[in-house]
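Asker: Please see the structure below; I have some questions.
The values are calculated or read from the model by the stated rules, or taken from the named source; none is laboratory data. Please read all numbers here as calculations on a predicted model, not as lab measurements. In this analysis, Cβ positions are derived from the backbone assuming ideal geometry, glycine residues included, and neighbour counts consider all displayed protein chains. Just the protein is used for accessible areas: all its heavy atoms, side chains included, with ligands, DNA and RNA removed. Shrake-Rupley method; radii C 1.70, N 1.55, O 1.52, S 1.80 Å.
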Amino acid sequence: MKKGTAVVGFILGLLLLSGGPMSHGALQVGFYRGKCGFADVEAIVGGVVSAQFFTDPSLLASLIRLHFHDCFVNGCDGSILLDGPDSEKTASPNQSVRGYEIIDQAKDAVEKICPGVVSCADLIAIAARDAVFLVRVFCICFPLEQSGGGIYRVQTGRRDGLVSSADIANVTLPGPSITVPQAIAAFADKGLTAVDMVLLLGAHSVGVAHCSFLSERIHNFKGSGKPDPSMDQFTVNTLRSRCPINAIENTVNLDQNPFSPLVLDNSYYQNILLRRGVLQIDQELGMNRFTRPIIANLANSVDFPARFGAAMVRLGAVGVLTGTQGEIRSSCRVVNKAVKKDKSG
């Protein structure tokens, strides 16, 4: 491991030593402390994530999205990582999900030092927190208090699920054209509030969207032959230049602020108030009478990083398996029975 990434891993490890005990149900901060001898599990994962982060800063959005897509289906149980012809990975909403190889590398690293102890579900949660941490610390485009997504202490103690279904993922994961009432209901079904929803969608201040997700909105909204009238015309022109009708595989930044497309900040909410939301659900949040006040509050707030971190903790507690439930996978891509069968020939 390079010296720089080792230092980052050490800093990340210190996060779980700060503050008093913190728990959410059966999860707790520092769950692995002392379970792997003197090894610091979170620092090991931090080293892996930081090495990749400096190569590809878009890793931040990928790992947050991976965490969200895992938790929203069967709960935060690592089921999105399982391979198979009908696994969650093959579901339509997961076709553009990235970051699997980072979790594989983190799993290999912890298994060498501490085999059979750290769950793949926890690795996703730790890696998402680490990516958020890295942007907050190393982005120099804004003052520290204005950039990043909040240095929050990740809770661990999850175990891995045994089931992964594309059918369940297809009907459970909310799509970009979902209405605000439908989105509120979908999040409520996971025990999350409308405020949690708006905070978590703030992750759209980083990352990209494929043109296929917004082509109708900017070219032929509801069959009108015109763009969505709720979108600012300058934004329409900008997006059309990047997404001509046949260029559905091109991508655009979800945050149309040219100064912070890789910074998890509140410019996402500011853009919505300016009618520059890229996805339909983004813009509708600013038009709905229940969510617009939340959007306005966050657009003018300085505490978005801390609030985003708290929402990530609440997301990470959705439907977790703990105690003797599930298993601790040897490989994140297959359940243990499959691993044992493969090894036995």
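Asker: Once you have the alpha carbon radius of gyration of the stretch 47-112, what is it after dividing by 2.2 N^0.38 Å, with N set to its residue count?
Answerer: So the stretch 47-112 has a normalised radius of gyration of 1.13.
Asker: What figure, in Å² to the nearest 10, do you get for the accessible area of Arg33 with a 1.4 Å probe and non-protein molecules left out?
Answerer: My reading of the accessible area for Arg33 is about 140 Å².
Asker: Within the chain, what whole-number % of the accessible surface is contributed by carbon and sulfur, with the 1.4 Å probe and all protein chains included in the calculation?
Answerer: Here carbon and sulfur together make up 57 percent of the probe-accessible area.
Asker: Roughly what angle does helix 100-113 make with the longest principal axis of the chain, taking Cα atoms, 0 to 90 degrees, to the nearest 10?
Answerer: Here the helix axis deviates by roughly 20 degrees.
Asker: Using only Cα atoms, tell me the angle between helix 304-315 and the longest principal axis of the chain; keep it within 0 to 90° and round to the nearest 10.
Answerer: Approximately 60 degrees, to the nearest 10.
Asker: Calculate, in nm to one decimal, what Val195 and Ile168 gain on full extension: separation in residues at 0.36 nm each, minus their alpha carbon distance.
Answerer: Details: separation 27, 0.36 × 27 = 9.72 nm, distance 2.52 nm.
The span from Val195 to Ile168 would gain 7.2 nm if fully extended.
Asker: Further question: Roughly how large, in nm² to one decimal, is the mean projection of the convex hull of the alpha-carbon atoms in the stretch 164-253?
Answerer: Values: hull surface 29.2 nm².
For the stretch 164-253, the mean projected area of the Cα convex hull comes to 7.3 nm².
Asker: Nearest 10 degrees, 0 to 90: what angle lies between the long axis of helix 3-15 and the longest principal axis of the chain (Cα atoms)?
Answerer: Result, in degrees: 90.
Asker: May I pose another question? Can you tell me the length gained on complete extension of the stretch Asn237 to Phe54, counting 0.36 nm per residue apart and subtracting the Cα distance? Each step should come with its number before you reach the end.
Answerer: On the way: separation 183, 0.36 × 183 = 65.88 nm, distance 3.24 nm.
Working it through step by step, the gained length comes to 62.6 nm.
Asker: Calculate, for the chain, the solvent-accessible area per residue in square angstrom, rolling a 1.4 angstrom probe over the heavy atoms of the protein chains.
Answerer: Working: 15230 Å² over 345 residues.
Using a 1.4 Å probe on heavy atoms only, each residue of the chain averages 44 Å².
Asker: Let me ask another. If I model a spin label at Phe259 and Asp83 as a point 7 Å from the Cα along the Cα→Cβ vector, what separation in nanometres do I get?
Answerer: So the label points at Phe259 and Asp83 sit 4.6 nm apart.
Asker: Determine the alpha carbon to alpha carbon distance for each of Lys107/Lys190; Lys112/Lys190; Lys35/Lys337 and list only those over 31 Å.
Answerer: Working: Lys107/Lys190 27 Å; Lys112/Lys190 35 Å; Lys35/Lys337 24 Å.
Result: Lys112/Lys190 exceed 31 Å.
Asker: Can I ask one more? Once you treat every alpha carbon in the stretch 182-334 as an equal point and sum by Debye, what is log10 I(q)/I(0) at q = 0.08, 0.16, 0.18 Å⁻¹?
Answerer: Each listed q corresponds, in turn, to -0.28, -0.92, -1.07.
Asker: Please report the spacing between the Cα centers of the stretch 102-122 and the stretch 253-289 in Å, no decimals.
Answerer: 36 Å
Asker: Suppose R0 equals 51 Å. What FRET efficiency, 1/(1 + (r/R0)^6) with r the Cβ-Cβ distance, do Ala186 and Ile113 give to the nearest 0.05?
Answerer: 0.85
Asker: For the chain, what value does the Rg/Rh ratio take when both radii are computed over Cα atoms and Rh is the Kirkwood radius, given to two decimals? Don't skip to the answer; put the middle values down first.
Answerer: Values: Rg = 20.0 Å, Rh = 20.6 Å.
Dividing the radius of gyration by the Kirkwood radius yields 0.97.
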